[in-house]
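Trainee: Take this structure first; my questions come after.
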Amino acid sequence: MKEKLLKLIQEKEAKKTELAAQAEKTKDVIELKAIKEYIATLNEDIANLKTLLSEAEGNGNAQPPANGDEEARNKLETRQATTPTGGINILGTYNLNNQGTGNEQVDDVFATTEYRQAFKDYVLKGTQIPDKYREKRDAEFTVVGDIGAVIPTTVMQKVVEEALASGMILPKVTQTAFQGGVEIPVSDIKPTATWITEESPSEEQKKTVKNKIMFAYHMLECRVSLGLLSATVSLPIFESTIIKNIKEAMIIAIETSIINGSGSGKPKGILKETIKSDRIISFDEAEIGTVSGWAKVEAAVPLSYESGAVYMMAKSTWEKYLNGATDSNGQKLGFVTISENQQRKLNGRDVILTDYIKGFDKATTGDIFATLVKLDEYILNSNLNMSYKKYYDEDFNKWVHKSIMIVDGKMADTNGMIFIKKA
């Protein structure tokens, strides 16, 4: 046992040295970060292995105290009593003896280094995922029948983390993980506080909740191009490449649906909602660049929805008709601002530029070219688990890599939304 532990420590130390040299050469920030995280994991593994080695070396010589120290005697006897016949199963901690009872509990098998390596081999070499992981997958992902593998939890967490950091719209919506097909009262998502007196029941007790929201099991498929040329690529580089590609595909797919999704087979987009007629403002070319025109928009916003609402529009609309707006003397109008870090504001509100909304010039009569909305009123419902499948496209003679996520979304409250259309 001691020899195996020593060998493991040496292998991990050698891997650290290899990664450190690799870190010196790389110019990719994402790759460097992945390498550093992997080294930190190796350091933790090495420390644990050294602790086990120390215990293994000291355990064989331990004898019950001859006399005097009753407490120490009891501790040692207790330890020996709970030790399985044949000695302490130190190697079992690292799955080295392959003699487990089968009852060991792992919190998340898809987060283990062993599964991460198996996933890498599946993507690069086409090696099938071991049966023990496929059985666990089939038990947890019952909706998708043709998935090849589950993306490791650690990779998926990093994808979501980076997507939230770099997305323009995704970080601002409300994210939930409700079960699909169940009607959920909007009050459960957006709780309200009420005063309760001894003489009368609370509003929650006597009212019937009429506004409900229900999410479906929509499949989001992100096809990604990995460009991995070598089957010998290291695990951290492989995972950083996976993260980068899936993150970009996921952001585009989800943010597009948040704005323009039809609601059929995908989330329902903000621009597909039906709102009150007095919340729809129309601009022609003469009015779009005026203070009075945008004052009409502000006047249509209910006071209770005043805080937190943002404008969304195309970059071409912003630059040509708002940032470039001038008065009759050619002086730039002051109702729009841009800070040093490119934070744009219109009438004091944040402006999010997006390619998912038509610019004013490309819009036709009646098209929405801008909107004012509280993005936290949009509910994106997903457990954020993604499966992964690799197959060969005979028509295009290339490997296709795709990821599938179950996701739905819709506005919980549309009363504060304003649509701005082309007259």
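The values are calculated or read from the model by the stated rules, or taken from the named source; none is laboratory data. Predicted, not measured: the structure shown is a model, and the values here were computed from it. Note: ideal-geometry Cβ built from the backbone for every residue, glycine included; neighbour counts use all protein chains shown. Just the protein is used for accessible areas: all its heavy atoms, side chains included, with ligands, DNA and RNA removed. Shrake-Rupley method; radii C 1.70, N 1.55, O 1.52, S 1.80 Å.
Trainee: Filter segment 376-423 for residues that are touching a residue at least 60 places away in the same chain (Cβ under 8 Å) and of a type in the set (S, T, N, Q) and give the result.
Mentor: Residues satisfying the conditions are ASN381, SER382, ASN383, ASN385, SER387, SER403, THR414, ASN415.
Trainee: Any idea which residue in segment 322-363 is least open to solvent (accessible area, probe 1.4 Å), counting only those that are within 19 Å of VAL310 (Cβ to Cβ) and of a type in the set (Lys, Arg)?
Mentor: ARG349
Trainee: Can you pull out the residues in segment 374-395 that are within 19 Å of the chain's Cα centre (by Cα) and within 30 Å of ALA309 (Cβ to Cβ)?
Mentor: Listed by number, the residues that qualify are LEU375, ASP376, GLU377, TYR378, ILE379, LEU380, ASN381, SER382, ASN383, LEU384.
Trainee: Something else: Considering every residue within segment 382-390, establish whether at least one is over 16 Å from GLY293 (Cβ atoms), open to solvent by 40 Å² or more (accessible area, probe 1.4 Å), of a type outside the set (A, V, I, L, M, F, W, C) and touching a Lys or Arg at 6+ places or on another chain (Cβ under 8 Å).
Mentor: yes
Trainee: Let me ask another. I'd like to check something: does segment 155-177 contain any residue that is farther than 16 Å from GLU239 by Cβ, of a type in the set (D, E, K, R), at pLDDT 80 or above and open to solvent by 70 Å² or more (accessible area, probe 1.4 Å)?
Mentor: yes
Trainee: Please count how many residues of segment 298-313 are assigned to a loop (DSSP other than H, G, I, E, B) and in contact with a Leu (Cβ under 7 Å, 6 or more places away or on another chain).
Mentor: 2
Trainee: Here are some residues: LYS398, LYS402, LYS389. Which one is within 30 Å of GLY126 (Cβ to Cβ), of a type outside the set (Asp, Glu) and in contact with a His (Cβ under 9 Å, 6 or more places away or on another chain)?
Mentor: LYS389
Trainee: Can you tell me how many residues in segment 273-297 are of a type in the set (S, T, N, Q) and in a helix (DSSP H, G or I)?
Mentor: Number satisfying all stated conditions: 2.
Trainee: Still on this structure, I have one more. Return the pairs, sorted by first residue and then second, in which the second residue is open to solvent by 40 Å² or more (accessible area, probe 1.4 Å) and among the aromatic types (Phe, Trp, Tyr), the first residue lies in segment 6-26 and is in contact (Cβ under 8 Å) with a residue 24 or more places away in the chain and over 14 Å from SER234 (Cβ atoms), the beta carbons are less than 7 Å apart, and the residues are 6+ apart or on different chains.
Mentor: As it stands, the answer is LEU8/TYR94, since those pairs meet every condition given.
Trainee: Answer yes or no: is there a residue in segment 130-137 that is at pLDDT 70 or above, open to solvent by less than 20 Å² (accessible area, probe 1.4 Å), over 16 Å from LEU235 (Cα atoms) and out of contact with any Pro (no Cβ under 8 Å at 6 or more places or on another chain).
Mentor: Among the residues of segment 130-137, at least one is at pLDDT 70 or above, open to solvent by less than 20 Å² (accessible area, probe 1.4 Å), over 16 Å from LEU235 (Cα atoms) and out of contact with any Pro (no Cβ under 8 Å at 6 or more places or on another chain), which makes the answer yes.
Trainee: Only one of ASP408, ASP376, ASP393, ASP413 is in contact with a strand residue (DSSP E or B) (Cβ under 6 Å, 6 or more places away or on another chain), open to solvent by 10 Å² or more (accessible area, probe 1.4 Å), under 24 Å from LEU170 (Cβ atoms) and not hydrophobic (A, V, I, L, M, F, W, C). Can you tell me which?
Mentor: Going through ASP408, ASP376, ASP393, ASP413 in turn, the sole match is ASP376.
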